[in-house]
Amino acid sequence: MRTRYYPVMLVDPAQEKKRHRRVLAVQNVKGGVGKTTVAVNLASLLVERYSKKVLLIDADPQCNASLYLLSDEQFLAATDNDSEATKEHGNLWDLFHKDVKYIDLVTGLRHGPRTSFRRYYRVVTRGTGGGSLSLVCGSARLSDIQEMGPELVVSRIRDWLRSASSGEAEVVIIDCPPSTGSLTLSALKAADDILVPMSPDAFALHGLPLLLQKLDQYRTPLRIKCRVAGVLFTLYPPPGTSARSAADAYAKRIEEACRDRRPSVPVLAARVSRDDAYPRSFEQRKPLPFSSDPTLKPLIDELDRVAKDMKLVGDAI
């Protein structure tokens, strides 16, 4: 009998490491803490300063991340329900709704039309050094998913990202809703780490325990493995003001509470300042790292410290 030999494909470990993508969920159960501002500007920093290929997923039904990066025309085209068959780019609701028609309750298998990975995202900006920022557009209809049982949707984003044709993103950042419903749990299932933006005030002392409680509740039954990699203080007042003194006092209390937890929760040394430049950049649809205004450098450097504290740049990535 003639022996047949099959080629063995050797994989370079360095290339395997290079292909590994980091998935970061930006989440807080309290709104108004700069969550979307951090997600969009941190993604933009990685693209412009570090030439990373970044995919931003807007999982918040308010769609602020999408509105930050798209023109009104682009956003309406991506979320127009009357042009499903002809629109060039879909949105995250399409991914949840159309990718699966039904789930076999006996086998757990999903049945339905599979749509190309590229159908769901668009490249919105290319950096000067070769990086790119891609966006999965949000949709107000994502609110419907919040009411669905987590066992039906919890793996959707993760499974989509694991697709063989899931693009070249080195970092994926998911802007989560300010809640702990099914949509958030799907994002946390996909994530490696959670970044928790938090304004240093009395309300912040209550928001983090709620998130951690929900994680503990679902971590085992839904096999969620992500960890809280850092609490980030946002909307930090300028020095020399009474608001700054109050913020410092609350920040100290929150740091102590995070240290006392078992396991302890890391608090980043980085801070993101409260500054009118952020709402202006939203109005202009231009995140700070893509601006040529030299006066914005201190704010961009703050974002850089966040990226380094989270180990999103350097050997860790």
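The values are calculated or read from the model by the stated rules, or taken from the named source; none is laboratory data. What you are looking at is a predicted structure, and each value in this text was computed from that prediction instead of being measured. Neighbour counts run over all protein chains shown; Cβ positions are idealised from the backbone, glycine included. Protein only, heavy atoms only, side chains kept; ligands, DNA and RNA dropped before computing areas. Shrake-Rupley method; radii C 1.70, N 1.55, O 1.52, S 1.80 Å.
Scan segment 31-53 residue by residue and report those that are open to solvent by less than 10 Å² (accessible area, probe 1.4 Å) and polar (S, T, N, Q).
We begin by selecting, within segment 31-53, every residue open to solvent by less than 10 Å² (accessible area, probe 1.4 Å); these are 33, 38-47.
Residues satisfying the conditions are N41, S44.
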*Could you grab the pairs with beta carbons closer than 7 Å, sequence gap of 6+ or different chains, first residue in segment 14-32 and farther than 22 Å from L212 by Cβ, second one modelled with pLDDT of 85 or more?*
R21/A169; R21/E170; R21/V171; R21/V172
*Considering only segment 278-317, state which residues are hydroxyl-bearing (S, T, Y) and part of a loop (DSSP other than H, G, I, E, B).*
S291, S292
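Tell me, which residue of segment 271-300 that is charged (D, E, K, R) and closer than 16 Å to F233 by Cβ is surrounded by the most Cβ atoms within 10 Å (Cβ to Cβ)?
Just the residues of segment 271-300 that are charged (D, E, K, R), to begin with: 271, 274-276, 280, 283, 285-286, 293, 297.
After this cut, where a residue has to be closer than 16 Å to F233 by Cβ as well, the list is 271, 274-275.
Working: R271: 16, R274: 15, D275: 18.
Out of the qualifying residues, it is D275.
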*Residue by residue through segment 260-279, note down the ones that are among the charged types (D, E, K, R) and modelled with pLDDT of 95 or more.*
R271, R274, D275, D276
*Looking at R219, R259, R253, which one is farther than 30 Å from V47 by Cβ, touching a strand residue (DSSP E or B) at 6+ places or on another chain (Cβ under 9 Å) and open to solvent by 50 Å² or more (accessible area, probe 1.4 Å)?*
R259
_List pairs: first residue in segment 123-142 and basic (K, R), second residue open to solvent by less than 50 Å² (accessible area, probe 1.4 Å) and assigned to a loop (DSSP other than H, G, I, E, B) anywhere in the structure, Cβ distance under 8 angstrom, at least six positions apart or on different chains._
R141/P61
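Listed here are the residues, each with its yes/no results for (1) more than 27 Å from the chain's Cα centre (by Cα); (2) assigned to a strand (DSSP E or B); (3) among the hydroxyl-bearing types (S, T, Y).
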position	(1), (2), (3)
G240	yes, no, no
A247	no, no, no
A251	no, no, no
E256	no, no, no
R259	no, no, no
V265	no, no, no
L268	no, yes, no
*Looking at (1) modelled with pLDDT of 90 or more; (2) open to solvent by 70 Å² or more (accessible area, probe 1.4 Å); (3) under 24 Å from G31 (Cβ atoms), which is the one condition that is false for C226?*
(2)
